[in-house]
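Scroll down for the structure; my scribbles are underneath it.
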Amino acid sequence: MTAKAADKKHARFVCTSCGAEHPKWAGRCDACGSWNTIAAAEPVHSRAARKAVLHPLADESSEAPCRVTGGIAEFDLVTGGGIVPGSVILIGGDPGIGKSTLALQIACSLRSIYFSGEESPLQIRQRAVRLAVPAEKVRVSSSTTVEEIQAVVEAEKPELVVIDSVQTLSLAELPGYRGSVGQIRESTARLVELAKRTDIPIILIGHITKDGAIAGPKMLEHLVDTVLYFEGDFSRDYRILRAFKNRFGSVNEIGLFRMTEKGLQEIRDKNSLFLSPFSSHAAGSAVSASLEGSRIILFEVQSLVTFTNFSNPRRMADGFDLNRLILIAAVLEKHGMLKLGTCDVFVNVAGGFSITETASDLAVAMAIASSLRERPIPAHTGFAGEIALSGEVRPVPQCHRRIQEFARSGFKTLVLSKKDSLETKAAGFAGEAIGVANIAEAMEYLF
């Protein structure tokens, strides 16, 4: 049998949309349901097996990886102390949120190569001039073919590689259009292998779908070492960088930036973002502290309680878990003696901040009670406590750090659980600490 006949006998058909393999051609892919996306693929020829290189684990594990700073303290904080050589970082976010700006600012701090399939070298140069960043170390290329990128990186050996974006990559040897699931998966796998082999870190920029997930196969997030999401509201000038996966650090850290004409600037006074100087004059406002990785952020909870003529009152939350709000409202009605059954309850976290931990339960409950009774909470009062179904106020994790942040921000009164109130002196808080066992005691003190 000739080689040509053997290749025809073992022909492969691959869906250019999802990458699924089929034994023969068909009009519709059974895996993803796409029509006219199945095409013949090049036959895979077996290669001579090479002996794998073995490394002693004991010798290498004793030394921590030498990280490379990205030149931005907030970015280094989120990644766990800097970029690990040979790592692959995926940055996702909405269009126009600042992903390319962040990547360019990081690239300018190292000897880098910036591959862009969305902007020309002239456009990137103009953006660097607008940002006023030192771009002497950065070289730009419009190449999006993985084979060409691999050849350039191996020849030039830069300190960092940036690819904008992963959806524009393609492998010449792989069938399918650029941006298809199969192309994205195989291109990323090839780049990960390149990074591990050369110890050169690679930053990939990825688009997200309308559901908020990074476009492409879910395997893309499994292949890379770190997945970062760039979040923000276009009506506000600040941005939040969150780590959703990090093999070399914590996933609880966040980085705070402000988008300006000169690019992204780090925010030093983080509490000024989510606290209003006039919050103490309005009913329905309370302040709590959120633990975000290694930092404490003070934020303002706003509540509005209004009478409704409908039989089913509404519960709405922005920046706070809706199910948690329903639970707190039920506890307030049962143990706080508040008549919320005929009222709509709205809760908002000021500044567009999102809260996931339960340490802000007490602040939300007191904001609701303040709005219903139309009595403002005294100025410079902070809250920290989890609310149980029994109405009990429970301690919160690392409360001493929250107390220290309240003290640094000038708060005079803290309402905490009984146990947490005993830590105020040790944490350096000189104001009044009110320890409450349940929400009834908290309401009795405040109202």
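Quick note: the coordinates plus some simple rules give every number you see, no bench work behind them. Small disclaimer: the values here were computed from a predicted structure and weren't measured. As a convention, Cβ positions derive from the backbone with ideal geometry for all residues, glycine included, and neighbour counts pool all protein chains shown.
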List the cysteines of the chain that have no other Cys Cβ closer than 4.7 Å: which are they? C66, C108, C343, C399
³J(HN,Hα) computed for each position of the range 191-198 - Karplus, 6.51 cos²θ - 1.76 cosθ + 1.60, integer Hz, glycine/proline x: 5, 4, 5, 5, 5, 5, 6, 9
Interchain or sequence-distant (5+) residues whose placed amide H lies within less than 5 Å of the amide H of G19 are G182
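Using only DSSP helix segments of four residues or longer, with each worth -39500 (n - 2.57), what per-residue ellipticity at 222 nm results for the chain after dividing by its residue count and rounding to 500?
Using -39500 (n - 2.57) per qualifying helix, the result is -8000 deg cm²/dmol.
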Computed ³J(HN,Hα) along the range 233-240: with the Karplus parameters 6.51/-1.76/1.60, θ = phi - 60°, integer Hz and x for glycine or proline, the list is 9, 5, 7, 10, 9, 9, 10, 10
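Do the alpha carbons of any pairs in K137/K262; K270/K412; K157/K262; K270/K425 sit beyond 28 Å of each other, and which pairs? Display every interim value, and only then the final one.
Working: K137/K262 19 Å; K270/K412 20 Å; K157/K262 30 Å; K270/K425 25 Å.
Among K137/K262; K270/K412; K157/K262; K270/K425, the Cα-Cα distance tops 28 Å for K157/K262.
Can you give the Rg to Rh ratio for the range 142-263, taking only C-alpha atoms and Rh from Kirkwood?
Numbers: Rg = 15.6 Å, Rh = 15.8 Å.
Dividing the radius of gyration by the Kirkwood radius yields 0.99.
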Can you pull the Rg over Rh of the range 273-446, Cα-only, Kirkwood? 0.94
Hey, how much of the P(r) for the range 354-432 falls beyond 14 Å, as a percent of Cα pairs? 61 percent
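Counting DSSP beta bridges with both partners in the chain, what percentage is antiparallel, nearest 5?
On the way: 43 of 81 bridges.
Percentage antiparallel, nearest 5: 55.
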DSSP-loop chymotrypsin sites (Phe, Trp or Tyr not before Pro) across the range 293-361, with at most 10 other Cβ within 10 angstrom: F310
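What list do you get for E173, E392 if you sort them by fewest beta carbons within 10 Å?
Least to most surrounded, the residues fall as E173, E392.
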As straight-line cross-link partners of K334, the qualifying aspartates and glutamates (C-alpha separation under 15 Å, not fewer than 8 residues apart within one chain) are E392, E441
Any GluC sites (Glu not before Pro) in the range 55-138 that lie in a DSSP loop and have at most 12 other Cβ atoms within 10 Å would be E63, E136
Trypsin sites (Lys or Arg not before Pro) in the range 266-362 lying in a DSSP loop, each with at most 15 other Cβ atoms within 10 Å of its Cβ, come to R268, R314, K339
